[in-house]
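Undergrad: This is the structure, below, for whatever I ask next.
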Amino acid sequence: MALKIEIPYSTSILSPKDLKATYAYFANFENSVGTNFPGLEVFKSQGGDKYDWQFQKVEQSGYGIQIKFATQFQKEAEKAIRVEPIASGEATASLKGSWEFESAGDKTKVNFKATFTLELPLPFFLKSVAGPFAQKEISKLFERYTSNVSKAISA
């Protein structure tokens, strides 16, 4: 039986750019997501703001997992960008979230929220340690992403 883990994450960053420039940066998904998400091996467009995600394989104690899923981005002009999971035959996880933009004078506050759901095919005796480990590692992944994107937009 698989272990299903839901990992919420939220943070805010302050962009030194105005609302229009900040939104334009985040709306370029290949740049804002594809180059800033650590461990992201494949970020491939299916067209229509739909993307396949594939992360580097991770192994721990003889068990390996490769996270794969597909999403669709929805743009709300200079207000928000939402990401929703879509069906994918190879999916081992899903991502749902948003980037919401607020003008802060000549800067922009970006509120990032995400819920990452992961299904791990593990034996029963590993479930008590796998859940906390996965939550910690996925949270670190999101922290590195927001740090990378914050540095990139400030450059």
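Undergrad: Report relative contact order for the chain in percent, whole number only (criteria: Cα-Cα under 8 Å, sequence separation at least 6). Don't skip to the answer; put the middle values down first.
TA: On the way: 295 pairs, mean separation 51.7, N = 155.
So the answer I get is 33 percent.
Undergrad: Excluding Gln54 itself, what net charge comes from residues whose Cβ is under 13 Å from its Cβ, given Lys and Arg +1 and Asp and Glu -1?
TA: Neighbour charge sum, excluding Gln54 itself: 0.
Undergrad: Taking every pair of alpha-carbon atoms in the range 45-109, what share in percent sits in each 5 Å bin, from 0 to the bin with the longest distance?
TA: Per 5 Å bin, starting at 0, the Cα pair percentages come out as 4, 15, 19, 17, 14, 12, 9, 6, 3, 1, 0.
Undergrad: Counting only other residues whose beta carbon sits under 14 Å from that of Thr71, what net charge do I get with K and R as +1, D and E as -1? Present the calculation step by step, with values, prior to reporting the outcome.
TA: On the way: positive: Lys44, Lys50, Lys68, Lys75, Arg82, Lys96; negative: Glu30, Asp49, Asp52, Glu84, Glu90.
Net charge around Thr71: +1.
Undergrad: On the first, second and third principal axes, largest extent first, how far apart are the outermost C-alpha atoms of the chain in Å?
TA: Each principal axis gives a Cα extent; for the chain these are 53, 29, 21 Å.
Undergrad: Which of the aspartates and glutamates could be linked to Lys57 by a straight reach, that is with a Cα gap under 17 Å, when you skip same-chain ones fewer than 8 residues away?
TA: Glu41, Glu90, Glu119, Glu137
Undergrad: Then there is this: Give, as a single signed number, the net charge of other residues whose beta carbon lies under 13 Å from the beta carbon of Ser98, with Lys and Arg counted +1 and Asp and Glu -1. If you can, show how the numbers build up before the last one.
TA: Numbers: positive: Lys75, Lys79, Arg82, Lys96, Lys113; negative: Glu76, Glu84, Glu100, Glu102.
That sum, taken over residues with Cβ under 13 Å, equals +1.
The numbers here are math on the coordinates, done by the rules we state, and not lab data. Only a predicted model underlies this, so the values are computations on that prediction, with no experimental measurement involved. Reconstructed Cβ throughout: ideal geometry from the backbone, glycine too, with neighbour counts over all protein chains shown.
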